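The next block holds one structure in the form of structure tokens; read it before the comments.
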Amino acid sequence: MGPPTLRYQGNVDGPFRPFRPNPAKPDTCLWTWPAKGVRSTAKESPTAIGDDGMSRCPHCSQAIDPPPKRSRNCPHCRKPIVVRRGRMLTPESAAEFDSQLEESREKRRSKVRQEKFREGRKNAIREIREAKKSGVVSGFKPLVTENDCDICQKVRDRVFPIDSCTPEMLPPYEDCELEDGCRATFNCVLSSEYETLRSSQKRPSKKGCLGSILLLSFVALLCWVFLVSR
């Protein structure tokens, strides 16, 4: 039987990864393409698989059968082998692969955050425009939970009047500190509810100010009594 032919199989979740010959079809050998945004490390460890279809150590090129499923030392040269998605790599190649994979993931997360923010900003512009046309909406109230970031918490109890409200005042916020982007939303406040919500906003307590004045007066009185008694 001649050398096995190569059959290629697409895989968007993993890097360039060789498979052993398929027992059901001994004349074929399956390979996968590099994942999008992740560079293949095949050049750094060209002996990871030989012409005979056997997985080989990236250090000494000796065949390892069965191939390891976890990181371990080579049984021949005793050097460390790091397994990444089925491929045997040196520790240096694995570190570079992990760095490239994390960079690719961060790019995807950043793209998702930007798309989410743009969609939220378009929604805010649309809601403000429709609210002004309706004539029954007097403002907007951000809906913020305890799990949102500190930036969102600052507007948790705010109510923005419709006359001065701009899309930048409403969530989602571009500078939100959450990894997946801002999750806060907002609601329209009807005219019948507007004054009630505005009056319930946090304001400095007059009772607290009066208590501070009385406390300072008491301390001053004690000081005066102490000076007079001397």
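The values are calculated or read from the model by the stated rules, or taken from the named source; none is laboratory data. These numbers come from a predicted model, not from an experiment. No Cβ is skipped: glycine too gets one built from the backbone with ideal geometry, and neighbour counts run over all protein chains shown.
General observations
- Each residue in segment 149-202 was checked for being over 18 Å from Lys132 (Cβ atoms) and part of a loop (DSSP other than H, G, I, E, B), and 23 of them qualify.
- Within segment 108-124, residues that are surrounded by 12 or more Cβ atoms within 10 Å (Cβ to Cβ) have Cβ atoms under 7 Å from residues that are in a helix (DSSP H, G or I) and not charged (D, E, K, R) in these pairs: Arg121/Pro167; Ala124/Pro167, counting only partners at least 6 apart in sequence or on another chain.
- If you filter segment 69-87 down to residues that are in a loop (DSSP other than H, G, I, E, B) and more than 32 Å from the chain's Cα centre (by Cα), you find that the one that is surrounded by the most Cβ atoms within 10 Å (Cβ to Cβ) is Cys74.
- Leu170 at pLDDT 90 or above, within 22 Å of the chain's Cα centre (by Cα), surrounded by 14 or more Cβ atoms within 10 Å (Cβ to Cβ) and within 18 Å of Leu190 (Cβ to Cβ): yes
- Verdict on Cys60 being at pLDDT 90 or above, buried (at least 18 other Cβ atoms within 10 Å of the Cβ) and either out of contact with any Lys or Arg (no Cβ under 9 Å at 6 or more places or on another chain) or not polar (S, T, N, Q) (or both): no
- Residue match in segment 132-148 (condition: among the aromatic types (Phe, Trp, Tyr) and assigned to a helix (DSSP H, G or I)): no
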